[in-house]
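Here the structure is laid out as structure tokens; the discussion comes afterwards.
Only the coordinates and a few stated rules stand behind these numbers; no lab work does. This one's a predicted model, so the numbers in the text were calculated from it and none came from an experiment. Glycine gets a Cβ as well: all are built from the backbone with ideal geometry, and neighbour counts include every protein chain shown.
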Amino acid sequence: MASSNQTVLQFTPSSTSLTAKVHPLVMFNICDCFVRRPDQAERVIGTLLGSVLPDGTVDIRNCYAVPHNESSDQVALDIDYHHNMLSSHLKVNPKEVIVGWFSTGFGVTGGSALIHEFYAREVPNPVHLTVDTGFSSGEASIKAFVSVSLSLGDQQLAAQFQEIPLDLRMIEAESVGFDVLKTTMVDKLPNDLEGMEASMQRLLALIEDVYKYVDDVVEGRIAPDNNIGRFVSDTVASIPKISPAAFDKLVNDSLQDQLLLLYLSSITRTQLSLAEKLNTAAQIL
């Protein structure tokens with residue numbers, strides 16, 4: 001049987017088990033850049049800063065927008081601005097290096113491959129983060145991608161964006177602000193008491209879910225999970241043992257301290273406003 005040479009098309013993944021973790025500050029910066037974009041710009045792109053953790057996770061902690069002009073067949077980046085901003089950031093925090101780039105909009109567009117090629121020269125295996133600021137799906141959609149090369153033998157033909165797991169973790173205070181951003185329309189930002197009320201309602205819902213899970217395990221309706229059981233046990237053990245009366249006193253004292261601070265800040269604002277008016281009147285006279 002005569003042998004024949006065959007050339008196989010194959011994908012060359014840039015990383016086999018790459019994950020990304022993004023901080024809420026990055027999302028707020030991207031949304032702010034999108035609001036402040038030029039009138040003729042349809043989307044905003046920029047550089048992601050962070051580090052690669054020992055387990056291979058890309059930790060995205062900061063970002064900045066990069067001016068650009070985009071058409072159907074080409075993309076022009078302000079490279080000098082990009083390098084100047086990177087140099088300024090490295091002076092403040094040398095540990096935050098380039099880990100990828102971001103763009104607003106829903107998913108990957110035609111010009112994304114050109115931009116990704118530029119950032120691939122800046123850092124190996126960059127992460128592409130997309131943020132749907134138009135709320136196409138009813139809420140902010142956040143996805144992360146890496147480039148996968150399609151090669152024919154030793155020749156690279158094209159690149160494909162492959163989605164990777166993305167972890168968005170935040171503390172309770174950041175979660176309240178992010179929940180406001182996810183909704184398409186809000187009458188006003190919540191104050192401290194409204195934010196606390198929303199946090200308490202969310203905490204109560206979580207406690208009810210845990211109570212239902214424990215009750216189902218005890219009654220034999222679902223199979224027990226040792227990992228969940230240890231997590232619930234550690235959570236309950238971390239709660240300080242305090243009587244209801246002492247807890248009420250602690251909450252009331254903290255609330256009174258906050259009200260006192262609000263009162264003092266109001267007096268300060270009034271005094272500054274009065275001093276400004278007196279200064280203006282004195283200049284007129």
- Query: Counting Lys and Arg as +1 and Asp and Glu as -1, what is the net charge of the other residues whose Cβ lies under 12 Å from the Cβ of Gly50?
  - Reply: +1
- Members of Lys95/Lys143; Lys212/Lys241; Lys143/Lys241 lying beyond 31 Å, as alpha-carbon distances in this model show: Lys143/Lys241
- Residue-count net charge about Thr270 - beta-carbon cut-off 13 Å; Lys, Arg +1, Asp, Glu -1: +1
